[in-house]
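Asks: Before I ask anything, let me first share the structure, which is written out below as structure tokens.
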Amino acid sequence: MTTEYEHPPWENPDFHPEWDEKHQQMIPPQMLAAMPDGTRPEDVLDLTGGYDPLPAQLRFHQSLAKFRLYGGGFGSGKSKCGCREAIYKAIQHPGSAGGIFRSRLKDLTLTTGKTFWEELTAMGINRKPFIKKWSASLQELTLWNGSTILFSGLDDEMKLRSMSLSWAYVDEGSEVNEHFYRTLLGRIRWKTPLRLWVTTNPGPSAWLRKNFVDTTKTGYDRFDAPTKENHHLDPGYIQSLYDEYPEVWVRIYLDGSWEAFEGQVFLGFTRETHELDLGFWTPEEHHLVYEGYDFGFRNPTHVTWTAWDPNGEMPMITFAEHAAKEWTVDRHVEAIHAMRAEYGIRPEQIISLGDPAGAQVQGLVGLSYFDEYGNHGIGISPSTKEPSIRAVRLGKLFEQRIKTRGYGETPRLIFARGHTQQTVRSHINYRFAVNRSTTQEDPKEQFHKEDDHGVDSEGYGVMGIPLEADEKPVRRFPMAAAKPFSTRGDNDFADDDEAPTLYGVSI
């Protein structure tokens, strides 16, 4: 992830020397439009009034990245930072059109909007001549320099589609669906600075994780601010939160961890513990290799390779993955055979297990996925259908620790760093679906159908691995078979991942 920073204003030769040190952290005066009466804004505005930026906030304001994420715990100044940046951008770019958003307009009005007006007041801009117009019906503010700031919820896509913006700020961004982010990106197209920034507690948003957490993409910058770094808060108060909160809340809402969130299934799964730097790891002769298949077309087909040592001297190692969408089966087969050859996997080592829905006949080709792969020499057996059973198996493997040959004490199942990124990310993001029961009954253990393909393929594969070293794996059919046994019915969808859902609940 690249990070670029602007030169601080006091290093600029045009900087006005009458500004004190407090002001030197913020906007160079030459960037400001003149007042209607011709006076200079720096003579009448306290641009840092009420704001002593934390180190992470200052780095955030200085970053030149097109897309920025400020994530942190309670009391880390997320909304304050985001609202200040909105005001600065509106002042720095006369005539620009910005927008401040949250998932629901009601929450925006009660929280983020309140913070925004408090910051305007602290800066002395909550009055004429600085405010030219405020439209309560349109929820739009016009400043003296022609810049406008719109306040809107992200629950009205048609309203979003009619916007043309210079910049956008999304508060509590982990609440926002990826679809709305993509729609919003298409609206940032009118005048400079053409920027998007997000403030939030860490959460399950797949879009934020893909673009800011699990990436090194140019133009994306992330700033983490744990609660304990806010020196404005009473240390005793901070310690009381650490003492009272459950572990997962501490990790999310105090430490600002992006590897924990409410509803997370694998709470103990972390990159530091379960992802090891093994280099280009290949299975040994005595290993059995379990291939797990999660089928899809619009959604990715995801395949994982996990090696199991029948002697129990090594951990289970998921060492490779393949994931691609909108590929025909023959393209996947070509990639799978290439992967087997690259890692030196012999046919007699391989046990292939997949989504039971792969036995269902596909309408366009008149064959099931099992039939299609079987015709290409890859025989796949149906694995366990029930997601909760697979999740329990994976959870046990992540929690158990074993002493191994050459690896010391490790979790029973580990992943090769750099070779299984999408699978690891899928496990971190895996979460329970929202319980929408109105009868106060216990929620069913349903899982959110987003970014779950790596978990599914891994689960299908490891369900075939015996948990005890003296158990023998069972082959459903010989690997030499051209086609596996094919069935119909079972009330499965033809492609389990493409069954219609709403917020993770089947509809």
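Each reported figure results from applying straightforward, stated rules to the coordinates on display, with no laboratory input. It should be emphasised that the depicted structure is a prediction, and the values quoted were computed from it without experimental measurement. Methodologically, a virtual Cβ is constructed for each residue, glycine included, from the backbone with ideal geometry; neighbour enumeration extends over all protein chains shown.
Asks: Taking a ≥ b ≥ c as the square roots of the eigenvalues of the Cα gyration tensor of the range 245-346, is the shape rounded (a/c under 1.5), prolate (a/b larger than b/c) or oblate? Before the final figure, lay out each step's value.
Replies: On the way: a/c = 2.96, a/b = 1.47, b/c = 2.01.
Oblate, because a/c is 1.5 or more while a/b does not exceed b/c.
Asks: In addition: Starting from the amide H of His376, placed 1.01 Å from N in the peptide plane, find each other amide H under 5 Å away whose residue is 5 or more places distant or on another chain.
Replies: none
Asks: Starting from the Cα-Cα distance between Ile131 and Ala341, subtract it from 0.36 nm times their residue separation and give me the gain in nm to one decimal.
Replies: Computed gain between Ile131 and Ala341 is 68.9 nm.
Asks: How far apart, in nanometres, would the label points at Leu233 and Arg417 be if each is projected 7 angstrom from Cα along the Cα-to-Cβ direction?
Replies: 2.9 nm
Asks: Also, I was wondering about something else. Which order, highest average first, do 81-88, 319-326, 183-190 follow once you tally other Cβ atoms within 10 Å for each residue and take the mean per peptide?
Replies: Values: 81-88: 23.0, 319-326: 18.6, 183-190: 15.5.
In descending order of packing, they fall as 81-88, 319-326, 183-190.
Asks: What is the spin-label model distance, in nm, from Lys106 to Glu326 if the labels are put 7 Å beyond Cα along the C-beta direction?
Replies: 3.8 nm
Asks: Here is a further query. Given R₀ = 30 Å, FRET efficiency for Glu313-Val392 by Cβ-Cβ distance, to 0.05? The partial results should precede the final answer.
Replies: Values: r = 25 Å, r/R0 = 0.84.
The calculated FRET efficiency here is 0.75.
Asks: Any idea how far apart Glu399 and Glu118 come out in nm if each label point goes 7 Å out from Cα toward Cβ?
Replies: About 4.1 nm separates the two model spin labels.
Asks: Taking the convex hull of the alpha carbon atoms in the range 102-218, what volume per residue do you get, in Å³? Spell out each step's value before the answer.
Replies: On the way: hull volume 14.4 nm³, N = 117.
Normalising the Cα hull of the range 102-218 by residue number yields 123 Å³.
Asks: Whose amide H sits under 5 Å from the amide H of Ile402, counting only residues 5 or more places off or on another chain, with H placed in the peptide plane?
Replies: The list, which skips near neighbours in sequence, is Thr410, Arg412.
Asks: A further question follows. Over 18 Å between Cα atoms, which of Lys66/Lys217; Lys66/Lys159; Lys78/Lys114; Lys114/Lys191; Lys78/Lys210 qualify? Intermediate values should be presented prior to the final figure.
Replies: Details: Lys66/Lys217 11 Å; Lys66/Lys159 24 Å; Lys78/Lys114 14 Å; Lys114/Lys191 27 Å; Lys78/Lys210 21 Å.
Long pairs (Cα-Cα over 18 Å): Lys66/Lys159; Lys114/Lys191; Lys78/Lys210.
Asks: Sticking with this one: For the range 340-357, list residues with backbone N below 16 Å from a point placed 7 Å from the Cα of His376 toward its Cβ?
Replies: It comes to 340-342, 352-355, nothing else.
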